[in-house]
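The values are calculated or read from the model by the stated rules, or taken from the named source; none is laboratory data. Model, not experiment: these values are computed from the prediction. Cβ: placed from backbone, ideal geometry, glycine included. Neighbour counts: every protein chain shown.
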Amino acid sequence: MNQNNNRKLTAYPVIVAATQGDIEAIHTILNSYAGYIAVLAMREVYDEYGNIHLCIDEELRRRMETKPITRILKFKV
C-alpha cells in the first residue's frame, strides 16, 4: 500500500477560507506541510571539533513557508 494514501487531504472549506485570508486556515495548511518543509530546510553544521550536526536553517524554513502563503492568497477557487 502506498504511504501517501494514509495522509488526509485538506478539507475544501479550509482551502476556501485560506484563499480569503483566514489566518487559522492558512496555518492549518502550513501545518500539513511542516514536516516536509523541515526536512528540506535541514542543513549540516560543523562544530568547533569538526563534528557534523543536522539542524534546521530557520531563515530557509521561513522563506519556504512564505512562498505557499503567497500562492494560497493568489489562488482562485
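For the range 18-33, state whether one or more residues are surrounded by fewer than 10 Cβ atoms within 10 Å (Cβ to Cβ), modelled with pLDDT under 95 and either polar (S, T, N, Q) or out of contact with any Lys or Arg (no Cβ under 9 Å at 6 or more places or on another chain) (or both). No, the conditions are met nowhere in the range 18-33. The set of residues in the range 32-54 being of a type outside the set (S, T, Y), within 13 Å of P68 (Cβ to Cβ) and in contact with a helix residue (DSSP H, G or I) (Cβ under 8 Å, 6 or more places away or on another chain) consists of I37, L40. One residue stands out in the range 38-73 among those that are closer than 23 Å to I23 by Cβ and of a type in the set (G, A, S): the one that is surrounded by the fewest Cβ atoms within 10 Å (Cβ to Cβ), namely A38.
Pairs meeting the criteria (first residue in the range 64-77 and at positive phi, second residue exposed (fewer than 10 other Cβ atoms within 10 Å of the Cβ), beta carbons under 7 Å, at least 6 apart or on different chains) are lacking.
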